[in-house]
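We did not get these values from a lab; they are worked out from the coordinates using the rules stated. Since we're looking at a predicted model, the values are computed, not measured. Cβ sites come from the backbone with ideal geometry, for glycine too, and all protein chains shown count toward neighbours.
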Amino acid sequence: MPRTMRPRLFVEIVDDVAVVVLGDRVIGDSGVVDEIRDGLKQLNAMGYDRIILNFVNVQLLASELLCVLLGVQRRVEARGGKLVLCGLRPTPRECLRITALDHFFSICEDEGDAFDAFV
């Protein structure tokens, strides 16, 4: 299925999994975070409860995004789904580690491993 583009998100549906690639290198202001939150909420409202969020392009992120991810995690888990993060570069990975959220989220190295996390 072809990838579709939102201003900040590239979304591809593979079987029943929404693969979301974050397009920005820096996710630092609330406007960008709002766009990401809205896109992820829209996917969830469309019934996608299995989501891979790929950070391969992201080098820096705002802590506000972590709150968004927590909300998405709660919504998908409440419906029996799962959020898997992958492609984390060192700085975003360290941000998750410092906040102890690396134990809360399912984190994989790449999309292939992320798909395996649903099995």
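Assorted remarks:
- For PHE104, net neighbour charge (Lys/Arg +1, Asp/Glu -1) across residues whose Cβ lies under 15 Å away: +3
- Helical segments meeting 15 Å axial Cα length and Kyte-Doolittle -1.0 threshold in the chain (DSSP H): 30-45, 63-78
- Candidate values (1) 51, 51, 22; (2) 62, 42, 18; (3) 32, 29, 25, label of the one derived for Cα extents along the principal axes in Å: (3)
- Contact order relative to length of the chain, as percent, for alpha carbon pairs under 8 angstrom and 6 or more apart: 22
- Bridge orientation summary for the chain: considering DSSP beta bridges with both residues in this region, about 35 percent are antiparallel.
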